[in-house]
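Contents: one structure, followed by commentary.
The values are calculated or read from the model by the stated rules, or taken from the named source; none is laboratory data. Note that the coordinates shown come from a computational prediction; the quantities given were computed from them, not determined experimentally. As a convention, Cβ positions derive from the backbone with ideal geometry for all residues, glycine included, and neighbour counts pool all protein chains shown. Ligands, DNA and RNA are excluded from the accessible area calculation, which covers all protein heavy atoms including side chains. Shrake-Rupley method; radii C 1.70, N 1.55, O 1.52, S 1.80 Å.
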Amino acid sequence: MSATYFRNARVVTEDADFLGGVVVAGGVVTEVVEGTPDRPGDVVEVGGRVLLSGLVDPHVHFSEPGRDWEGWLTGSRSAAAGGITSVAEMPLNAIPPTTDVSALRLKLESARTSVVDYTLWGGVVPGNEHEIGPLAREGVTGFKAFMCRGSDEFPHVSIDDLHIGARRIRQAGSFLAVHAEDEALTSRLTRTLIADGRRDPKAWGEARPVEAEVRAIASAIALAAGVGCRLHIVHVSTAEGIDLVTAAREARQDVTNETCPHYLFFTEDDLHTVGPFAKCAPPLRSAEIREELWARVLSGDVDIIASDHSPCPLADKEAGTDDIFKAWGGISGIQSGLNAILTEGVHRRGLPLSAVARMMSANPARLLGQYPRKGTIAPGSDADLVIVDLDKAFTLKASDLAYRHPHSAYAGQTFRGTVDATFLRGKMIHGEGLGAAPVGGGRFLNAVADVPATALTD
Ligand SMILES: [Zn+2]
């Protein structure tokens, strides 16, 4: 078994940051060394650049099968270009949505083209409670529900539906993730704003105020506490939302939070300059709210930073040019998340790189039950590695994007910090001289069959 030695690197994990190297053989890490000793085998000269464990993105929408909004091949190649080696794909916006076992099998077929490893989320929709046990036994990583209107094929749940679903999820030994915005409040405000003739970008944020997020998170936490179901709150956009999770955890509840790079990079004012490309739900917030969220990132209260990569054809964004309510509400961002956090976090606000490793690699791997196979650099872990040039600056062009529809709110933005190369189980899937990563090669991380034994005691 031939070895590869990643030599002369600044090795960064959630609890270490040192000059050293990593020896890889058979797709796994066999040795982590300090300094630059000689080791047999091929050498990848890292040249003092940063070496991170491959990022784990627990929140992506690849929309295949059934929609050409993204796709497993383009989505996963974009992930690799962003330093991501494992993704968890959401139960929407593919057709059919992943709300029963037959839909799960169709998605597993589509996913064979993926160049990164993947887990799949199951969905909770009104009336599918009998599918939850079977989906869990097939190896979905967890279950996602919408507390406010989502898409036509993936209806949102009432609190009562959620209660039924959460009980089944607990019985199945799985966990619940929610999109937390209050349906009553957001739909009433949307109706009122539209009736008043509002179509401008700011109206989108006014229809989905902080209160809508806070109200929904509070009720999800109360519900999960009552049922005894583990809970994850996806894409939290406010410090208040993060604080509700922190308080629940202090009360010994099993609940985690996630935010996204776009809530930390952009503000609501960017809807005017970037246009509908920056429309998402929950919406972008004010500069003041963004700084409060950064304070929670810096204090260690944010568990996970995930892309919520939610792509669409260009026309579905352009539809919102004169009427923001008509644009698709999602940001294409999987390729730029690490660049955004390095620029705004590490360089601008002094965020330690080890905290980046914790929020973008180790903690998401734990959420998905894949730690320590994923999410760290240690003997026995998968050789998923990313080489980052921390100081190189660049301006992102649309032509750099590997998405099926190459548009993004991040296009035209200038970043400091590049993803120079990405390796999955020791094989390069992004980097100079490779061209596009060969089709396939990613593995399904089955949450039942593939949980590393040590994860259970972590
Ligand atoms: Zn999403």
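Among the candidates SER286, SER219, single out the residue that is surrounded by fewer than 23 Cβ atoms within 10 Å (Cβ to Cβ), closer than 17 Å to LEU185 by Cβ, modelled with pLDDT of 95 or more and assigned by TED's automatic domain parsing to the domain that holds LEU338.
SER219
Which of the numbered conditions does LEU351 fail, given that it passes all the others? Conditions: (1) more than 16 Å from the ligand (Cβ to nearest atom); (2) closer than 26 Å to SER53 by Cα; (3) part of a loop (DSSP other than H, G, I, E, B); (4) in contact (Cβ under 8 Å) with a residue 60 or more places away in the chain.
(4)
Using the structure shown, decide if ARG167 is over 21 Å from the mean Cα position of the chain (by Cα), open to solvent by 50 Å² or more (accessible area, probe 1.4 Å) and in contact (Cβ under 8 Å) with a residue 12 or more places away in the chain.
Spelling it out, ARG167 is indeed over 21 Å from the mean Cα position of the chain (by Cα), open to solvent by 50 Å² or more (accessible area, probe 1.4 Å) and in contact (Cβ under 8 Å) with a residue 12 or more places away in the chain.
Take the conditions within 16 Å of the ligand (Cβ to nearest atom), under 22 Å from LEU385 (Cα atoms) and of a type in the set (Gly, Ala, Ser) and apply them to ALA88. Does it pass?
yes
With ILE95, ILE84 as the choices, which residue is outside the structural domain of GLY441 (by TED's automatic domain parsing) and surrounded by fewer than 23 Cβ atoms within 10 Å (Cβ to Cβ)?
Checking each option against the conditions leaves just ILE95.
When the residues of the range 252-280 are filtered to those that are touching a strand residue (DSSP E or B) at 6+ places or on another chain (Cβ under 8 Å) and part of a loop (DSSP other than H, G, I, E, B), which remaining residue is most open to solvent (accessible area, probe 1.4 Å)?
Kept after step one, since they are touching a strand residue (DSSP E or B) at 6+ places or on another chain (Cβ under 8 Å), are these residues of the range 252-280: 253-262, 264, 277-280.
Next cut, part of a loop (DSSP other than H, G, I, E, B) only: 253-254, 260, 279-280.
Values: GLN253: 33, ASP254: 92, CYS260: 0, LYS279: 5, CYS280: 5 Å².
Filtering first and then ranking leaves ASP254.
Taking PHE175 as the residue in question, decide whether it is within 16 Å of the ligand (Cβ to nearest atom) and either touching a strand residue (DSSP E or B) at 6+ places or on another chain (Cβ under 6 Å) or at pLDDT 95 or above (or both).
For PHE175, the condition - within 16 Å of the ligand (Cβ to nearest atom) and either touching a strand residue (DSSP E or B) at 6+ places or on another chain (Cβ under 6 Å) or at pLDDT 95 or above (or both) - is not met.
Counting just the residues of the range 32-85 that are among the polar types (S, T, N, Q) and in contact (Cβ under 8 Å) with a residue 60 or more places away in the chain, which one comes out farthest from the ligand (Cβ to nearest atom)?
The first filter runs over the range 32-85 and keeps only residues among the polar types (S, T, N, Q), leaving 36, 53, 63, 74, 76, 78, 85.
From what's left, in contact (Cβ under 8 Å) with a residue 60 or more places away in the chain: 53, 63, 74, 76, 78, 85.
On the way: SER53: 24, SER63: 11, THR74: 17, SER76: 17, SER78: 15, THR85: 20 Å.
So the residue we want is SER53.
Can you tell me which residues in the range 388-414 are within 15 Å of ILE334 (Cα to Cα) and open to solvent by less than 30 Å² (accessible area, probe 1.4 Å)?
LEU396, LEU401, TYR403, HIS407, SER408, ALA409, TYR410
Considering each of VAL56, VAL43, VAL50 in turn, give the residue that is closer than 18 Å to VAL22 by Cβ, open to solvent by 10 Å² or more (accessible area, probe 1.4 Å) and touching a strand residue (DSSP E or B) at 6+ places or on another chain (Cβ under 7 Å). Outline the logic, then answer.
On the way: VAL56 fails: open to solvent by 10 Å² or more (accessible area, probe 1.4 Å); VAL50 fails: open to solvent by 10 Å² or more (accessible area, probe 1.4 Å).
Exactly one of VAL56, VAL43, VAL50 is closer than 18 Å to VAL22 by Cβ, open to solvent by 10 Å² or more (accessible area, probe 1.4 Å) and touching a strand residue (DSSP E or B) at 6+ places or on another chain (Cβ under 7 Å), namely VAL43.
Within the range 222-245, track down each residue that is among the hydroxyl-bearing types (Ser, Thr, Tyr) and either within 16 Å of the ligand (Cβ to nearest atom) or touching a strand residue (DSSP E or B) at 6+ places or on another chain (Cβ under 8 Å) (or both).
SER237
For the structure I just gave you, tell me whether ALA212 is surrounded by fewer than 17 Cβ atoms within 10 Å (Cβ to Cβ) and outside any loop (DSSP other than H, G, I, E, B).
For ALA212, the condition - surrounded by fewer than 17 Cβ atoms within 10 Å (Cβ to Cβ) and outside any loop (DSSP other than H, G, I, E, B) - is not met.
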